[in-house]
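Worksheet for the structure shown next.
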Amino acid sequence: MTVEKYHASIRVIHWIMFVLFVIMFVLGFVMVEFKESEPWALYSFHKSTGVLLFGLVFIRLMLRWKTIVPSHPPEITPAEHRIATIAIYLLYLFMIIVPITGYALSNLHGYHVDFYGLQLPDLFSKNEDWGEISELVHEYAAYAFLAVIGLHLLGVIKHHVKGLEVLRRIT
């Protein structure tokens, strides 16, 4: 059985996550650039949305495992298919690493993580040295994540320009 589109649930969660990730990257950039003005409300919203995205990743993984994934168009070369597969795995990896390190850096610096007002348990004890390491991993993993998203988007654009309808599989 060939499927031309991802299951509707995967398509919906994909675009919800896309919008939330755009918001997260913008908030992350603003928080870093304007750190001296202490934008605490942004931190709280950023952390809450990170927790939400972390949960959505697991729902998305479960849905992807339970549903049929559309096959790639035959015009896509084996090398392009391998690159796309690696990019997808990296995207999922960063969708897990970035929120975990964000949660860790908050706890390690002595801050709680709230989920839209509901205080979540501290999973890490305060430790400034480990907090600094977690902060660096969080920041650089987020930049790497953004780079892989860019690669993913370039691949979609390339195939769209070539007349392949890969974007229609997820819309």
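The values are calculated or read from the model by the stated rules, or taken from the named source; none is laboratory data. Treat the numbers as computed from the prediction; the structure is a model and nothing was measured. Note that we place each Cβ from the backbone using ideal geometry, even for glycine, and neighbour counts take in every protein chain shown.
Might you check whether a residue that is in contact with an Asp or Glu (Cβ under 8 Å, 6 or more places away or on another chain), of a type in the set (S, T, N, Q) and within 28 Å of L123 (Cβ to Cβ) occurs anywhere in the stretch 41-55? Yes; the residues of the stretch 41-55 include at least one that is in contact with an Asp or Glu (Cβ under 8 Å, 6 or more places away or on another chain), of a type in the set (S, T, N, Q) and within 28 Å of L123 (Cβ to Cβ).
For the stretch 92-116, a residue qualifies if it is within 10 Å of the chain's Cα centre (by Cα) and either basic (K, R) or surrounded by fewer than 16 Cβ atoms within 10 Å (Cβ to Cβ) (or both), and the qualifying residues are Y92, L93, I96. Checking each residue in the stretch 117-145 for being surrounded by 16 or more Cβ atoms within 10 Å (Cβ to Cβ) and among the aliphatic types (A, V, I, L, M) picks out V137, A141, A142.
Of everything in the stretch 61-71, what is of a type outside the set (D, E, K, R) and free of Cβ contacts under 8 Å to residues at least 60 places away in the same chain? Give them in sequence order. Residues satisfying the conditions are L61, M62, L63, W65.
Condition check ((1) among the hydrophobic types (A, V, I, L, M, F, W, C); (2) over 30 Å from A104 (Cα atoms); (3) assigned to a helix (DSSP H, G or I)) across all residues:
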residue	(1), (2), (3)
G55	no, no, yes
M62	yes, no, yes
P70	no, yes, no
R82	no, yes, yes
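Restricting attention to the stretch 136-145, does a residue exist that is out of contact with any Phe, Trp or Tyr (no Cβ under 9 Å at 6 or more places or on another chain) and within 30 Å of E165 (Cα to Cα)? Among the residues of the stretch 136-145, at least one is out of contact with any Phe, Trp or Tyr (no Cβ under 9 Å at 6 or more places or on another chain) and within 30 Å of E165 (Cα to Cα), which makes the answer yes.
Of the residues making up the stretch 68-87, those that are among the β-branched types (V, I, T), loosely packed, with under 14 Cβ neighbours inside 10 Å and modelled with pLDDT under 95 are I68, V69, T77, T85.
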